[in-house]
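Shown next, in structure tokens, is the structure this report addresses.
The values are calculated or read from the model by the stated rules, or taken from the named source; none is laboratory data. None of these values were measured; they are calculated from a predicted model. FYI the Cβ positions are ideal-geometry reconstructions off the backbone, even for glycines, and counts take in every protein chain you see.
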Amino acid sequence: MQPEQNDLGNELNDKAVLGFLMRNPEFFVNNQDILPRLRIPHDAGKAVSLIEKQVSVLRGKCGTLENSLRDLIAVARENENLHQRLHVLIQEIISAPKLERIVSLTRSSLCENFNADDVQLLLVANKAAPRTRNKDAVVCDVKPPTRRRRARAIDGLTVVAADSDVLELFAELFDSGETLCGLPSTENIACFVGQDSANIASAALIPLVYEDKLGVVMLTSRDESRFATGKGVMFLNQLGELLSRRLHSYGAITPSLVQ
């Protein structure tokens, strides 16, 4: 075992450090990145030397950069985890057979991953797109029974008619095609939760558009800074695009659900 290894195994003190440096005179040459962290006295009386001042400034900048780097790494890790969770959500939404399941997955995931206190969906009633018949296909005289989706109220979902005046309140949102953060107007909030808006301090509105206006998703929070104006909305935009395509391919959203 080397002498320096014996020293490291014992209690570290000034004498041990001095002995290590005496045996390794090239230590600071090989480890120059540690120099800005060290406090080395420079006897200049009451005056502060220019070199000492430069070292102090560099040490402060080094600490600031390290803190910024740690913050960036933390944000990158959080975004990576969020991306993974949204990837799972996308797979589940794509395979969800019922509208109730799509709405439930969207609400629970956005509440959990974006710290929303509540999530509400406003969808536009539509009709199923007619299926085209292949002229070369064999036609069977016996028609199979028509399957009808059971119309019933779904938690967190409001359905309006395609010609409803409500959609005019979101005209700018649909035109922009981007998620909007801030505090919506009382009229906009009322479209989702009626007059129960006392606990809403901030919200994010996600437009659902694919070849036509399909609806709006609203995330709300009691914290006015949670969805404040200027917040990053990249993930919300991506989710909105996916949800729009899924709702477009879903088929008819029955007018029986119109509120």
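The residues of region 1-44 that are of a type in the set (Asp, Glu) and either modelled with pLDDT of 70 or more or not in a helix (DSSP H, G or I) (or both), listed by number, are Glu11, Asp14, Glu26, Asp33, Asp43.
Anything in region 210-232 that is buried (at least 18 other Cβ atoms within 10 Å of the Cβ) and at negative phi? List them, or say none. So that I can check it myself, show each step before the final result.
The initial filter retains those residues of region 210-232 that are buried (at least 18 other Cβ atoms within 10 Å of the Cβ), namely 213-221, 226-227.
Correct list: Lys213, Leu214, Val216, Val217, Met218, Leu219, Thr220, Ser221, Arg226, Phe227.
State yes or no: is Phe235 in a helix (DSSP H, G or I) and of a type in the set (Phe, Trp, Tyr)? When the stated conditions are applied, Phe235 passes them. Is there a residue being surrounded by fewer than 20 Cβ atoms within 10 Å (Cβ to Cβ), more than 20 Å from Glu92 (Cα to Cα) and in contact with a Phe, Trp or Tyr (Cβ under 7 Å, 6 or more places away or on another chain) anywhere in region 192-202? No: zero hits.
Taking first residues from region 74-92 that are modelled with pLDDT of 75 or more and in a helix (DSSP H, G or I) and partners that are loosely packed, with under 10 Cβ neighbours inside 10 Å and not aromatic (Phe, Trp, Tyr), no Cβ contact under 9 Å between residues at least 6 apart in sequence or on separate chains turns up. In region 99-109, which residue that is of a type outside the set (S, T, N, Q) and without any contact (Cβ under 8 Å) to a residue 24 or more places away in the chain is nearest to Ala204 (Cα to Cα)? Here the answer is Leu105.
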